[in-house]
Amino acid sequence: MIASADAHPSVEAGRFTLSVVSHEQGALVESLLSDLERLAPPLLAQVIVTRNLPEAPIRLPATLAVPLRFIDNPHPKGFGANHNAAFAAAGVGDWFVVANPDLRLAHDPFPALALAGTADVGLLAPQVLEPDGRVADSARPLPTPLALLRRHLGGSKARPHEPPAWYAGMFVAVRRQAWQAVGGFDERFHLYCEDVDLCARLRLAGWQLRQAPEAQVVHAARRASRRSLRHLGWHLASLARLWTSPAWRGYRALLRRERAARAAPARS
């Protein structure tokens, strides 16, 4: 069942500011804005569209119910830098939503997200679906060199009862207070792994991550690193930065302690 704002009057309106970055993806942004026009989410306070590259004007929905702001970059920025700039300019919203332009919304995800956002939660994620309805791989274990090698060889050893260590950044909502406490995205990651790093730093700062399965979005993954040597280079550089960072080492140690604590009752 999809939660609605009318069904939960305690959920305040205008709590989310959504940021989407276009890399000559105006048609995709227009489709996402059309979904927002159709749904008219009462919890959405503002939409910020960053045009990272020069492109044709984006056609605006005639009756979009929320303020829409454009940022035009004189020079391209990385994923994290773009969203950091957008949220620095946002004057409203208790939650900052990072959204890819290739998302589609069949239902309003914001009421279910808001209801899941208890005081200890710093990051919320919806259930992400593939266009054919399958559940996408968006809730993931901590990436390690061995885990990635196993995954690409088809022999990954999943722990089905272990909570996800991070949520992929195609759509996540971060509490404003938590975002400000950790400084947003680390802009040294140009593209890829900045979502892993953000989740790690949030958890190390005492915030929890949570998925709201009743909130659903559809994502048609582009997987550019599998087709472009440039994107593959960015991906490999980001993995190297991640695996040598204090945040990754600290988070890996925290997850090991939590795993041991969950296993302790079974041994006693």
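The values are calculated or read from the model by the stated rules, or taken from the named source; none is laboratory data. Since this is a predicted model, take the numbers as computed values, not measurements. Here the Cβ positions follow ideal geometry from the backbone for every residue, glycine too, while neighbour counts run over all protein chains shown.
At a glance:
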item	result
Subset of segment 83-101 that is modelled with pLDDT of 95 or more and out of contact with any Phe, Trp or Tyr (no Cβ under 9 Å at 6 or more places or on another chain) - its residue that is farthest from Ser238 (Cα to Cα)	Ala88
Given (1) within 26 Å of Leu113 (Cβ to Cβ); (2) at pLDDT 95 or above, number of the condition Leu191 does not satisfy	(2)
Residue ranges of helices (runs of 4 or more DSSP H) in segment 8-118 with at least 2 members of a type in the set (Asp, Glu) and without any contact (Cβ under 8 Å) to a residue 60 or more places away in the chain	26-39
Boolean, Pro126 is more than 13 Å from the chain's Cα centre (by Cα), buried (at least 21 other Cβ atoms within 10 Å of the Cβ) and not in a loop (DSSP other than H, G, I, E, B)	no
Flag for Trp234 being touching a Ser or Thr at 6+ places or on another chain (Cβ under 8 Å), hydrophobic (A, V, I, L, M, F, W, C) and crowded, with 16+ Cβ neighbours inside 10 Å	yes
Number of the exception - Glu55 against (1) closer than 19 Å to Val217 by Cβ; (2) in contact with an Asp or Glu (Cβ under 6 Å, 6 or more places away or on another chain); (3) surrounded by fewer than 20 Cβ atoms within 10 Å (Cβ to Cβ)	(1)
Hits in segment 130-151 - residues which are free of Cβ contacts under 8 Å to residues at least 60 places away in the same chain, under 16 Å from the mean Cα position of the chain (by Cα) and under 19 Å from Tyr251 (Cα atoms)	Arg140, Pro141
Segment 165-209, subset of a type in the set (D, E, K, R) and part of a loop (DSSP other than H, G, I, E, B), residue surrounded by the fewest Cβ atoms within 10 Å (Cβ to Cβ)	Arg188
Test set (1) over 18 Å from Gly184 (Cα atoms); (2) modelled with pLDDT of 95 or more - Gly80 fails condition number	(1)
Failed criterion for Val92 (all others in (1) surrounded by 15 or more Cβ atoms within 10 Å (Cβ to Cβ); (2) in contact with a strand residue (DSSP E or B) (Cβ under 7 Å, 6 or more places away or on another chain) hold)	(1)
Filter result for the condition that a residue is farther than 26 Å from Ala261 by Cα and modelled with pLDDT under 95, over Ala136, Ala158	Ala136
